[in-house]
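Notes for the one structure printed next.
The values are calculated or read from the model by the stated rules, or taken from the named source; none is laboratory data. It should be emphasised that the depicted structure is a prediction, and the values quoted were computed from it without experimental measurement. All Cβ positions, even for glycine, are placed from backbone atoms using ideal geometry, and neighbour counts span all protein chains on display.
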Amino acid sequence: MNIELKRKLPAAKKVQEMYPLRAEDKKQKAENDKAIKNIFTGEDDRLILIIGPCSADRDDAVLEYISRLQKVQEQVKEKILIVPRVYTNKPRTTGEGYKGMLHQPDPNARPNLLKGVIAIRKLHIRVLQETGFSCADEMLYPENYRFLSDVLGYVAVGARSVENQQHRLVASGISVPVGMKNPTSGDLSVMMNSIKAAQASHSFIFTDREVESKGNPLTHAILRGAVNRYGKNIPNYHYEDLHAVSDLYKKENYQNPGIVIDCNHSNSGKKYEEQIRIAKEVLHSARHSKAIYGLIKGLMIESYIEDGNQKPDGGVYGKSITDPCLGWPKTERLIKDLADVR
């Protein structure tokens, strides 16, 4: 094989033992889990807002950003439940570019996954302890999920992973909500098949064990837009798109049907300021259809302290080094506007 074996990483259980949750952390996590679950089961009609940087690049800026979210959460708590994005691994279409804190705890240094697995666990724990939030992360690598399994409040499976069998099987064994994005092709049947698979129980190989999952009834759809064969972005957040997904849910016996709208990526054409308009349009659609209102569980928004993005060595504190994000003033205004119209 053309692979160099660099070092043996500690088992996920060992890393969890090295950096454990305190009793009060576990209690807060359980309370957060119940609140999030109740929205996806329909017991709570608040809107989930999964919001934060495209990628978590540095502890200080991420924690400052989330501390700002904490203050806004208190103001909108009757209408919105915020779940911060702390995305620590980043898929790269061509394999080039910053792959996230898991790979590079220092964006300007060489990859070091030993330091990376420790850095991402410590960051998620710090957010829980310092702000009370359980965060969302993307399950880019199913085998790495266990490093964070006791601290995450929400898991996303990306557009390039949703067809992968291992992602579907591991999602079926996760106890918090898992959002399945539609693939980049836009084929909704792929997403729906993924949801169905993850809601069922399975026997499979996970790391070096034979395991059996119980099925995850909180698995749901994330609509993120698509790209056609000419490279043109095709949004799928419009009223008609939402009804189409509603019809797909009715064809099978899905548990807890739900949709989260990713307001960036191909829905916005990566024009980050469009997220404001898209978020408001989705809630407008929900107000005009009981079926859509019941299905729309949340919105996903890419936001940070500063508008836009920069190169990894750009040096601007709180500015994304991957996809462009809404800056804080626009973010705060948007959250309050969404609460007003929910």
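Name every residue in the range 51-91 that is under 21 Å from Leu148 (Cα atoms), assigned to a helix (DSSP H, G or I) and hydrophobic (A, V, I, L, M, F, W, C), in order of residue number. Scanning the range 51-91 gives Ala61, Val62, Leu63, Ile66. Residues that are surrounded by 23 or more Cβ atoms within 10 Å (Cβ to Cβ) and not charged (D, E, K, R) within the range 175-185 comprise Pro177, Val178, Gly179, Met180, Asn182, listed in sequence order.
In summary, Ile50 fulfils each of the numbered conditions (1) modelled with pLDDT under 95; (2) buried (at least 17 other Cβ atoms within 10 Å of the Cβ) with the single exception of condition (1).
You will find that of Ser161, Ser149, the residue that is under 16 Å from Ala221 (Cα atoms), surrounded by fewer than 24 Cβ atoms within 10 Å (Cβ to Cβ), among the hydroxyl-bearing types (Ser, Thr, Tyr) and in contact (Cβ under 8 Å) with a residue 60 or more places away in the chain is Ser161 and no other.
Looking only at the range 15-50, residues that are touching a helix residue (DSSP H, G or I) at 6+ places or on another chain (Cβ under 6 Å), part of a helix (DSSP H, G or I) and aromatic (Phe, Trp, Tyr) come to 0 in all. Every listed requirement among (1) surrounded by fewer than 21 Cβ atoms within 10 Å (Cβ to Cβ); (2) touching a Gly at 6+ places or on another chain (Cβ under 8 Å); (3) under 26 Å from Asn267 (Cβ atoms) is met by Lys196 save one, (2). Cβ-Cβ distances below 6 Å connect the following pairs, each with a first residue in the range 1-16 that is within 21 Å of Leu148 (Cα to Cα) and surrounded by 10 or more Cβ atoms within 10 Å (Cβ to Cβ), a second residue that is modelled with pLDDT of 90 or more and aromatic (Phe, Trp, Tyr), and a separation of six or more residues or different chains: Ala12/Phe147; Val15/Phe147. Applying the set (1) closer than 22 Å to Arg85 by Cα; (2) buried (at least 20 other Cβ atoms within 10 Å of the Cβ) to Ala286 leaves exactly one unmet item: (1).
Looking across Ser201, Ser134, Ser185, Ser175, one residue alone is within 14 Å of the chain's Cα centre (by Cα), small (Gly, Ala, Ser) and in a loop (DSSP other than H, G, I, E, B). It is Ser134. For beta carbons closer than 9 Å, sequence separation of 6+ or different chains, a first residue in the range 247-261 that is loosely packed, with under 11 Cβ neighbours inside 10 Å and a second that is of a type in the set (A, V, I, L, M) and assigned to a helix (DSSP H, G or I), the qualifying pairs are Lys251/Met192.
As for the range 321-341, it holds at least one residue that is modelled with pLDDT under 95 and not in a loop (DSSP other than H, G, I, E, B). For the range 229-236, the criterion of being within 22 Å of the chain's Cα centre (by Cα) and of a type in the set (Phe, Trp, Tyr) is satisfied by no residue at all. In the range 282-292, is there at least one residue being touching a Leu at 6+ places or on another chain (Cβ under 6 Å) and either of a type in the set (Asp, Glu) or in contact (Cβ under 8 Å) with a residue 60 or more places away in the chain (or both)? No, the range 282-292 contains no residue that is touching a Leu at 6+ places or on another chain (Cβ under 6 Å) and either of a type in the set (Asp, Glu) or in contact (Cβ under 8 Å) with a residue 60 or more places away in the chain (or both). Taking the range 264-308 as the range and being in contact with a Ser or Thr (Cβ under 6 Å, 6 or more places away or on another chain) and part of a loop (DSSP other than H, G, I, E, B) as the test, only Tyr304 passes. Only one entry of Arg126, Arg85, Arg92, Arg110 meets the criterion of being out of contact with any Gly (no Cβ under 6 Å at 6 or more places or on another chain), at pLDDT 95 or above and not hydrophobic (A, V, I, L, M, F, W, C), and that entry is Arg126.
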